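K.L.:
This structure is in structure tokens; I'll ask about it shortly.
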Amino acid sequence: MTEQWTPKTLHLEIPLSFSSLHLQLQFVGEDLSVLVYGGEHAHIGCTVLSIPRPSLTDSQKTSCTSSVLNVTGHKDEIICRYLSEVITCKYNRTTVCSGGFHCDNLNSEQIQEIVDAVKTSCIDLFKEKRE
């Protein structure tokens with residue numbers, strides 16, 4: 001995984017066995033915008049907006065409420081929602097995550113590899129797991 005930081009941005013390129021996944025984080029004032037893309041045809045298949053709030057079970061913890069927009073037929077929500085919610089809860093900032101990953105004829109193992117790469121990157125990058 002390669003990463004590049006500037007004062008207000010981060011770009012990660014995460015190698016996969018069959019392609020690569022890109023994450024770009026950008027501060028927008030106090031908020032964060034995340035772009036996730038990769039594969040043969042990068043696109044916008046989903047957008048998730050997460051807004052921080054106190055947890056309903058423990059007001060000392062941060063949780064979030066998320067709104068999702070999916071392009072019909074796209075399944076990018078799993079990675080966009082995960083990124084948006086983890087970042088929102090970690091940094092207590094409104095976060096939007098948009099993007100999409102596409103390779104023709106992906107099998108279930110490759111799809112799981114993408115999901116695992118996103119989750120592992122978040123754990124490595126933010127040094128903690130989401131509850």
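The values are calculated or read from the model by the stated rules, or taken from the named source; none is laboratory data. Keep in mind that what you see is a predicted model, and the values were worked out from it rather than measured. All Cβ positions, even for glycine, are placed from backbone atoms using ideal geometry, and neighbour counts span all protein chains on display. With ligands, DNA and RNA removed, areas are computed over all heavy atoms of the protein, side chains included. Shrake-Rupley method; radii C 1.70, N 1.55, O 1.52, S 1.80 Å.
K.L.:
Extension gain T72-A42, at 0.36 nm per residue separation less the Cα-Cα distance, in nm? List each step's numbers first, then the result.
P.N.:
Numbers: separation 30, 0.36 × 30 = 10.80 nm, distance 1.58 nm.
So the extension gain works out to 9.2 nm.
K.L.:
Would you mind getting the accessible area per residue of region 1-119, heavy atoms of the protein chains only, 1.4 Å probe, in Å²?
P.N.:
Values: 6670 Å² over 119 residues.
So region 1-119 comes to 56 Å² accessible per residue, rounded to a whole number.
K.L.:
Please report the Cα spread of region 15-131 along all three principal axes, rounded to whole Å, starting with the longest.
P.N.:
44, 26, 25
K.L.:
Moving on to the next point. Relative to the longest principal Cα axis of the chain, at what angle does helix 77-91 sit, 0 to 90 degrees, rounded to 10?
P.N.:
Orientation of helix 77-91: about 30 degrees from the principal axis.
K.L.:
Give the separation of the Cα centroids, region 75-101 to region 8-45, in Å.
P.N.:
Cα centroid of region 75-101 versus Cα centroid of region 8-45: 11 Å apart.
K.L.:
Once you place label points 7 Å from the Cα toward the Cβ at L56 and Q110, how far apart are they in nm?
P.N.:
For the pair L56/Q110, the computed spacing is 3.8 nm.
K.L.:
Nearest 20 debye, what's the magnitude of the dipole of region 12-131 about its Cα centre given +1 on Lys and Arg Cβ and -1 on Asp and Glu Cβ?
P.N.:
Working: 10 positive and 15 negative charges, 92 e Å.
Around 440 debye, computed over region 12-131.
K.L.:
When only Cα pairs under 8 Å and 6 or more residues apart are kept, what is the percent relative contact order across the chain?
P.N.:
Here the relative contact order equals 24 percent.
K.L.:
Can you count the Lys pairs in the chain with C-alpha separation below 18 Å, eight or more apart or on different chains?
P.N.:
Final tally of qualifying lysine pairs is 10.
K.L.:
Which order do D76, D58 take when ranked by solvent-accessible area (1.4 Å probe, heavy atoms of all protein chains), largest first?
P.N.:
D58, D76
K.L.:
Now, a different point. I want the local charge near T94. Using Cβ-Cβ distances under 10 Å, sum +1 for each Lys or Arg and -1 for each Asp or Glu among the other residues.
P.N.:
Result for the neighbourhood of T94: -1.
K.L.:
Right, next: When the helix-only estimate is applied to the chain (DSSP H runs of n ≥ 4, each -39,500 (n - 2.57), divided by the residue count), what is the mean residue ellipticity at 222 nm, nearest 500 deg cm²/dmol?
P.N.:
-8500 deg cm²/dmol
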